[in-house]
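Engineer: Handing you a structure now.
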Amino acid sequence: MVGIAALVVSIAAACTDSKEGINGECNAQGDNNQVVCNAILPRTYGAVKLSLYNIFRAFYTGAPQDLPRPPDYPDGEAQGHCDDWSGWFASTPGMYTVGASFELEIQAGTSDLVVIKDVRSKIFNRKSASSGTLIKCNYGGGSNAGVAVVVDTVEQRTTFSEFESDDTRVMPPGSITLGQGDAGFLGAQISISSKHGHLYEGQIIVEAIVNGEEKTITWGTRQSPFRWITDETGEFVGTNDDSTYDWHPQEKKWVKGFDPFSLP
């Protein structure tokens, strides 16, 4: 009886030998086969993304006649074009977003672990607000994220809670965690609470750990800061949208009390 020496390898791997009798799963049958396999690691999906979100209005520190020309937008976006202008807001001196927030998109697979361990602000400049011009560029409703994060620049404290929950925690030491059996997607909305009647220039900072690797995600720099105004009473940004301005996509000019629903 002739003995048969056989080497059988059966793992989820990629095979680098293409000899006859060796298949793509690195299973070898026959005599004197040499198989070199590279194990395929599970694919990771862990990721964190920060973006400006839920912009409705902006405050310009100059008079209406001094408003700079904004980027054009299609007629079909007359009811909501703040996203189209987010870059223009950021690059235009004297332009401050009103009540703007950020969206933090967190993604994790079953083998991932994503932790948001801190969200904070760094203030570069703060000054008292004075008269200006209010711009409105979104006429629809907002949306609610899974987690609400509030960065208080006065108290220098960050709190967070799940949507429609009264359980509020301080970050840090509290953290937002996704992964390891709780895979999927989670959205967090970051709001900024600041001193009434002031104009701010600063930066938003998110400290995260993605599969053991520390990551720092920022929005705004000293050269191009994130600018916002906090007005709790409407003293500066107004309480009546009839006094707001918007760019008319057909007439190519700023219009007071613009009605996007009147366009043909």
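Laboratory data are not the source of any read-out in this text; all were calculated from the coordinates shown. Not measured: the values here are computed from a predicted model. Here the Cβ positions follow ideal geometry from the backbone for every residue, glycine too, while neighbour counts run over all protein chains shown.
Engineer: Mind checking which lysines have their Cα closer than 16 Å to the Cα of K127? Skip sequence neighbours fewer than 8 apart in that chain.
Structural biologist: Cα-Cα hits under 16 Å: K195.
Engineer: Quickly work out the T44-to-K256 label distance, labels modelled 7 Å from Cα along the C-beta direction, and quote it in nm with one decimal.
Structural biologist: Using points 7 Å along Cα→Cβ, the separation is 5.7 nm.
Engineer: Rg to Rh ratio, segment 106-169, alpha-carbon atoms and Kirkwood radius? Intermediate results must be reported in sequence, preceding the final value.
Structural biologist: Working: Rg = 17.0 Å, Rh = 15.8 Å.
On the Cα set of segment 106-169, Rg over Rh gives 1.07.
Engineer: Where a Cα-Cα gap under 23 Å defines reach, which lysines qualify for K49, not counting those fewer than 8 residues away within the same chain?
Structural biologist: Qualifying lysines at Cα under 23 Å: K117, K122, K215.
Engineer: If you keep only loop residues by DSSP, which GluC sites (Glu not before Pro) in segment 100-202 have at most 10 other Cβ atoms within 10 Å of their Cβ?
Structural biologist: Values: sites: E103, E105, E155, E162, E164, E201; in loops: E155, E164.
Counting only loop positions with at most 10 other Cβ atoms within 10 Å, the GluC sites (Glu not before Pro) in segment 100-202 are E155, E164.
Engineer: I'd like the distance between the alpha-carbon centres of segment 207-234 and segment 137-185, rounded to an integer number of Å.
Structural biologist: Measuring centre to centre over Cα atoms gives 14 Å.
Engineer: Based on the mean of other beta carbon atoms within 10 Å per residue, what is the order of 85-97, 111-123, most packed first? Provide the component values of the computation, followed by the final result.
Structural biologist: Details: 85-97: 17.3, 111-123: 19.1.
Put in order of decreasing packing, that is 111-123, 85-97.
Engineer: For each of F261, F185, count neighbouring Cβ atoms within 10 Å of the residue's Cβ, then give the residues from fewest to most.
Structural biologist: Values: F261 7, F185 12.
Ascending Cβ contact count within 10 Å gives the list F261, F185.
Engineer: If each residue's Cβ is checked for other Cβ atoms within 10 Å, how do Y139, Y60 rank with the fewest at the top?
Structural biologist: Neighbour counts put them in this order, fewest first: Y139, Y60.
Engineer: 7 Å from Cα along Cα→Cβ at both E162 and A183: what's the point-to-point distance in nm?
Structural biologist: 2.1 nm
Engineer: Eigenvalues of the Cα gyration tensor times 5, then square-rooted: what semi-axes does that give for segment 47-262, in whole angstrom, largest first? It would help to have the intermediate numbers written out before the result.
Structural biologist: On the way: eigenvalues 218, 75, 47 Å².
Equivalent-ellipsoid dimensions as semi-axes: 33, 19, 15 Å.
Engineer: Something else: Once amide H atoms are placed 1.01 Å from N in the peptide plane, what residues at a sequence separation of 5 or more from F56, or on another chain, have their amide H within under 5 Å of its amide H?
Structural biologist: Those lying under 5 Å, H to H, from F56 are V98.
Engineer: What is the fewest-to-most order of R227, R69 by other Cβ atoms lying within 10 Å of their Cβ?
Structural biologist: On the way: R227 24, R69 10.
Ascending Cβ contact count within 10 Å gives the list R69, R227.
Engineer: Run the quick spin-label model on T110 and E213: label points 7 Å from Cα toward the beta carbon, then report their separation in nm to one decimal.
Structural biologist: 2.3 nm
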